[in-house]
Structures are given as structure tokens and as C-alpha cells.
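The values are calculated or read from the model by the stated rules, or taken from the named source; none is laboratory data. For clarity, every value in this text was computed on a predicted model and none was experimentally measured. Using ideal geometry, Cβ is built from the backbone for each residue, glycine included, and neighbour counts are taken over all protein chains shown.
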Amino acid sequence: MNPETLIAPAADVTLWGLFWQAHILVKAIMIGLTLASVWVWAIVIDKWILLGRTKRQMDRFEEVFWSGQSLEELYRSVSPRPSNPMATLFVAAMREWKRTYEGGARSLAGLTERIEKVMDVTIAREVDRLERQLLVLASVGSSGPFIGLLGTVWGIMTSFQAIAASKNTSLAVVAPGIAEALFATALGLVAAIPATIFYNKYVIEVNRQAQRLEGFADEFSAILSRQIDERT
């Protein structure tokens, strides 16, 4: 017997080779995790830009707001197109204020409460906009490892089936299935780790900006309340 026939053909253990040798279910898992990883990084970059731009715009607006410019002038300049959540909050409160006075209301009772409700609704809407797609990061971060684990279990099953079919426990028979299993696990972690890290980071940043909006709303509400008292 030729000794060469006892040597199992070398398996392709490159990443591309592992993908093509994998079972159709494992291939689907690998493709899904790869797409999830790309989606995660797209959201990460988009949120990084959005939150950074929002913070800078809020800084500039707050600087202008406290610069001594009159509320009417500031309202006329930003009302056509508010560029950040704080400006949107200011415009919503001023619009309610002007609607009351320009409507010729005989009583200002309840105006402060209405303005506070308008600002609360605006804050909730703006925070919801900032939080958009963070649920995707949370979902990938929590489910990615388990989906990869499914591929791992299936790859190990494939290895045992190969052992049973060939009645050979050599490394050449076992290694491809084990490598395939570990590859699926690695893809799950590659998708889940950045998703979890950036989800936690962005949740903290969104909460920080929400608290900043609530603080501005309280200060602006106090300013409007004083003006209401002066006019009554």
C-alpha cells in the first residue's frame, strides 16, 4: 500500500476556505454576523458624528443665549430652522409664549405650565431622535455571541460527523470542523464587542445631553415665569 494514501488531503484553513467548507447553516450565520458587524460600525460612525455635532451646536447656541441678546431677536434668527435640540426647545417654548400673547389671551394663568409641558414633549422627542438605532447596538451586543455559538455547536457536530464517517481521529479530519466552529464564534464576538462598548458609551452621552436640555428648560422656564409675573 502506498503510504501517501494514508495521508489525508490538506484542508484549506484560511478564512475564505473555512467559509466555503462550512455547512450552509454556518455560512448563513457567518454572512449574517458579517453584515451585522458592518451595520454596527455604520451606526457607530453615524452616532459619533451626530452626537459630536449636536454637542458643538448646543455649546454655540447656549453661548449666544446667555450673551444678552433679546429673546425676540434670538427667536427670529433660529425659528426658521433650529439646528440643534436646545434651539428646538427654545423655539417650541417661545412659540407657545407668542401664541398666547399674540392671540390676545385675557389671562396668563396656566401659561407657565403649558410652556413646561411643551418643553417636556420637545425634550422627549429630541432624546428619542438621539437614541435612534441604539437598540440595534444593544441587540447585536447581546445576541451576537449566542448566534456565533450556534455556528460553533454546528461546526463541532460537523467534526464529529466527519470522524464517524472516516473512522479517523487524526487532526486533519477534526481540524477543519473545529476551525469552522471557532471562526463562527470569532465573528459573533467581532460584531458584539464593539456594539456593546459603543452602546454603553452613547447611552451615557445621550443621557448627558438629555440632562443638559432639562437644565436649560428649567432655566428658560424661570426666565419666562419672571416675565409673566412682570406683565400681570
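Of all residues in the range 68-99, which are in contact with a helix residue (DSSP H, G or I) (Cβ under 8 Å, 6 or more places away or on another chain) and acidic (Asp, Glu)? Listed by number, the list holds a single entry, 96.
Looking at 88, 122, 112, which one is within 26 Å of residue 210 (Cα to Cα) and touching an Asp or Glu at 6+ places or on another chain (Cβ under 8 Å)? None of the other options fit; the residue is 88. Of the residues 18, 35, 89, the single one that is at pLDDT 90 or above, closer than 24 Å to residue 149 by Cα and in a helix (DSSP H, G or I) is 35.
Hey, does the range 157-174 have a residue that's in contact with a helix residue (DSSP H, G or I) (Cβ under 7 Å, 6 or more places away or on another chain), modelled with pLDDT under 90 and in a loop (DSSP other than H, G, I, E, B)?
Yes, the range 157-174 contains a residue that is in contact with a helix residue (DSSP H, G or I) (Cβ under 7 Å, 6 or more places away or on another chain), modelled with pLDDT under 90 and in a loop (DSSP other than H, G, I, E, B).
For residues that are at pLDDT below 85 and aliphatic (A, V, I, L, M), tally how many sit in the range 92-121. Summing the residues that are at pLDDT below 85 and aliphatic (A, V, I, L, M) in the range 92-121 gives 4.
The criterion of being modelled with pLDDT of 95 or more and of a type outside the set (S, T, N, Q) holds for residue 44. Assessment of the range 138-148 against the conditions (touching a residue at least 40 places away in the same chain (Cβ under 8 Å), of a type in the set (A, V, I, L, M, F, W, C) and closer than 30 Å to residue 86 by Cα) yields at least one matching residue. Taking residue 142 as the residue in question, decide whether it is exposed (fewer than 13 other Cβ atoms within 10 Å of the Cβ) and not basic (Lys, Arg). Judged against the criteria, residue 142 is not a match. Report yes if residue 228 is in a helix (DSSP H, G or I), among the hydrophobic types (A, V, I, L, M, F, W, C) and free of Cβ contacts under 8 Å to residues at least 40 places away in the same chain, otherwise no. So residue 228 does not fit the description; no.
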